[in-house]
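To keep things clear, I will list the structure first and then write my remarks on it.
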Amino acid sequence: MSTATLNNLLEYLYGTLSRSEMRWVAEHLIDHLEKGDCEQLKPYTMEELNARIDKAEEDSAAGRYRPAEDLFREWGMGIDNKEAR
């Protein structure tokens, strides 16, 4: 992540979180770091991304998908106003 992106994230958090929430986030980040749970994620290659897109298109064409409304309902985020889309 770029320095500019990190700075923007920090500015957002400064303006959003209370002091106690900042402390909570900091403590959890440090705990996560000290446990060694911070393995570096490897970016996908273009081939991997294209393969995922191809698979998603095949699944969609074959009807192997779940409508977003079902997922939102399952997550307790039902879509009440269909006109808002």
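Is it true that some residue in region 76-83 is surrounded by 11 or more Cβ atoms within 10 Å (Cβ to Cβ) and modelled with pLDDT of 85 or more?
No, region 76-83 has no match at all.
Which one of these does Met46 not meet: (1) modelled with pLDDT under 85; (2) over 19 Å from the mean Cα position of the chain (by Cα)?
(1)
So, in region 26-42, of the ones that are modelled with pLDDT under 90 and closer than 18 Å to Met1 by Cβ, which residue ends up nearest to the chain's Cα centre (by Cα)?
Leu41
Would you be able to tell me the number of residues in region 12-22 that are surrounded by 10 or more Cβ atoms within 10 Å (Cβ to Cβ) and either in contact with an Asp or Glu (Cβ under 7 Å, 6 or more places away or on another chain) or more than 26 Å from Pro43 (Cα to Cα) (or both)?
3
Only one of these is more than 25 Å from Met1 (Cα to Cα) and loosely packed, with under 10 Cβ neighbours inside 10 Å: Ala68, Ala56, Ala62. Name it. Steps first, answer last, please.
On the way: Ala68 fails: loosely packed, with under 10 Cβ neighbours inside 10 Å; Ala56 fails: loosely packed, with under 10 Cβ neighbours inside 10 Å.
Only one candidate qualifies: Ala62.
The values are calculated or read from the model by the stated rules, or taken from the named source; none is laboratory data. All of these numbers come straight from a predicted model, not from anything done at the bench. No Cβ is skipped: glycine too gets one built from the backbone with ideal geometry, and neighbour counts run over all protein chains shown.
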